[in-house]
Amino acid sequence: MQIEPTELPDVMILTPRRFGDDRGWFTETWNAGTMAKAGLDLPWVQDNHSMSAVVGTVRGLHFQAPPHAQDKLVRCSRGAILDVAVDVRVGSSHYGRWVGVELTPENGRQLLVPKGFLHGFVTRAPMTEVQYKCTDVYAPDCDGAVRWDDPDIGIDWGLAGAPVLSAKDQAAPLLRDFRSPFVWGQA
């Protein structure tokens, strides 16, 4: 497994090794023992799988607050996405900064988005499927979002037109109106 840092501390790109032959390839997307040796001892409890039919579908920027905050390991199993993490840990010198990574089945990359970061993605191909592991179960009372197009964050989604959004994402507050439940240095 190749582990690369990003511009935001704690957000990492994990690229598993692939083993191929004339049938195709095999990869191990997570191995608890291997990852624990690399300092990533994460207790995954839920796997999610989404499909977005249309190019330009934006899902995010989402988070789940304590006591059900989630680390996420995101991969694209069909199509292509720009996967985005935004630091919202109060006291972090990177507060409000974002990083985006292209995830495709071909590049095999996965993005590790820790607690304390907003998460979102935009689809770049039709019928895109995204799968991600979470370290806590979905808790509706802890679910939240910040606007995908917040001008203070300034994410370049690479959109050619208007995005496809959920009602939740259309109504999400701006970062300046958001009270983050995350504090830098605390899990």
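Here are some notes:
- Region 34-60 residues that are at negative phi and in a loop (DSSP other than H, G, I, E, B), paired with ones that are open to solvent by 20 Å² or more (accessible area, probe 1.4 Å) and among the charged types (D, E, K, R) (beta carbon under 9 Å, 6 or more apart): LEU42/LYS133; PRO43/ASP136; TRP44/LYS133; VAL45/LYS133; VAL45/ASP136; VAL55/ARG124
- Residue in region 126-144 that is more than 26 Å from MET35 (Cβ to Cβ), surrounded by fewer than 20 Cβ atoms within 10 Å (Cβ to Cβ), in contact with a helix residue (DSSP H, G or I) (Cβ under 8 Å, 6 or more places away or on another chain) and not hydrophobic (A, V, I, L, M, F, W, C) present: no
- Every pair of residues 6+ apart whose Cβ atoms lie under 7 Å, when the first sits in region 161-187 and is under 25 Å from PRO67 (Cβ atoms) while the second is of a type in the set (Asp, Glu) and open to solvent by 40 Å² or more (accessible area, probe 1.4 Å): LEU175/ASP152
- Scope region 134-187; condition of a type in the set (D, E, K, R) and either over 18 Å from the mean Cα position of the chain (by Cα) or more than 27 Å from SER93 (Cα to Cα) (or both); matching residues: ASP141, ASP152, LYS168, ARG176, ASP177, ARG179
- Residue within region 100-109 that is touching a Gly at 6+ places or on another chain (Cβ under 7 Å), open to solvent by less than 50 Å² (accessible area, probe 1.4 Å) and at pLDDT 95 or above present: no
- Test result for TRP98, over 21 Å from THR27 (Cα atoms) and in contact with a strand residue (DSSP E or B) (Cβ under 7 Å, 6 or more places away or on another chain): yes
The values are calculated or read from the model by the stated rules, or taken from the named source; none is laboratory data. Quick caveat, the model's predicted, so the values are computed rather than measured. Neighbour counts are summed over all protein chains in view; Cβ atoms, including those assigned to glycine, are modelled from backbone coordinates with ideal geometry. Side chains included, ligands, DNA and RNA excluded: accessible areas come from the protein's heavy atoms. Shrake-Rupley method; radii C 1.70, N 1.55, O 1.52, S 1.80 Å.
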